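Inspection log for the structure reproduced underneath, given as structure tokens.
The values are calculated or read from the model by the stated rules, or taken from the named source; none is laboratory data. Please read all numbers here as calculations on a predicted model, not as lab measurements. Don't worry about glycine lacking a Cβ; one is built from the backbone with ideal geometry, like all the others, and counts go over all protein chains shown.
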Amino acid sequence: MKRLLVVNGPNLNLLGAREPEIYGSLTLAQIEARMQEWARARDCELRCFQSNSEAAILDFIQAEAGAAQGLVLNPGALTHSSVALYDCLRALALPTVEVHLSNIHAREEFRSRSITAVAALGVVAGLGASGYIYAMEYLIDRDE
């Protein structure tokens, strides 16, 4: 059985209420429930985590990486600012797919640059909640 981590960064706990015209109307709990259902059907274990704290996110990834085969990461605003998260991803070499609900390249200029994407195998952006499923599918099916 494969084990994937799903990590969501700052303010993603506000999904469903926060700018639904940009991020959609689904809550994080609804997105995670869809992911869990998809994973169960493929005999995959998911461990989901969200925090507004960069330190908590780093601690979680470091603690869980050894038992996981991949990471689906929506770093939120940390995408554009966290060298610490980038360093963590590089140090652990855990296969990672970065996900963004909105198309970060069609938004404010500062959002179009991702520090963390350089440490990821790929990026899914602008496809809403489906992006999480696409990232999971890639991590489960990819050649190792």
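Every residue, every condition in (1) surrounded by fewer than 20 Cβ atoms within 10 Å (Cβ to Cβ); (2) at pLDDT 95 or above; (3) more than 11 Å from the chain's Cα centre (by Cα); (4) over 14 Å from Ala129 (Cα atoms), yes or no:
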{"residue": "Met1", "(1), (2), (3), (4)": "yes, no, yes, yes"}
{"residue": "Glu21", "(1), (2), (3), (4)": "yes, no, yes, no"}
{"residue": "Ser25", "(1), (2), (3), (4)": "yes, no, yes, no"}
{"residue": "Gln30", "(1), (2), (3), (4)": "yes, yes, yes, no"}
{"residue": "Met35", "(1), (2), (3), (4)": "no, yes, yes, no"}
{"residue": "Asp87", "(1), (2), (3), (4)": "yes, yes, yes, yes"}
{"residue": "Arg90", "(1), (2), (3), (4)": "yes, yes, yes, yes"}
{"residue": "Ile104", "(1), (2), (3), (4)": "no, no, yes, yes"}
Could you count how many residues in segment 22-34 are among the small types (Gly, Ala, Ser) and not in a loop (DSSP other than H, G, I, E, B)?
2
Residues of segment 47-68 classified as in contact with a helix residue (DSSP H, G or I) (Cβ under 7 Å, 6 or more places away or on another chain), farther than 21 Å from Leu14 by Cα, in contact (Cβ under 8 Å) with a residue 40 or more places away in the chain and not β-branched (Val, Ile, Thr), total:
1
List the number of the failed condition for Leu71; all other conditions in (1) surrounded by fewer than 21 Cβ atoms within 10 Å (Cβ to Cβ); (2) at pLDDT 95 or above hold.
(1)
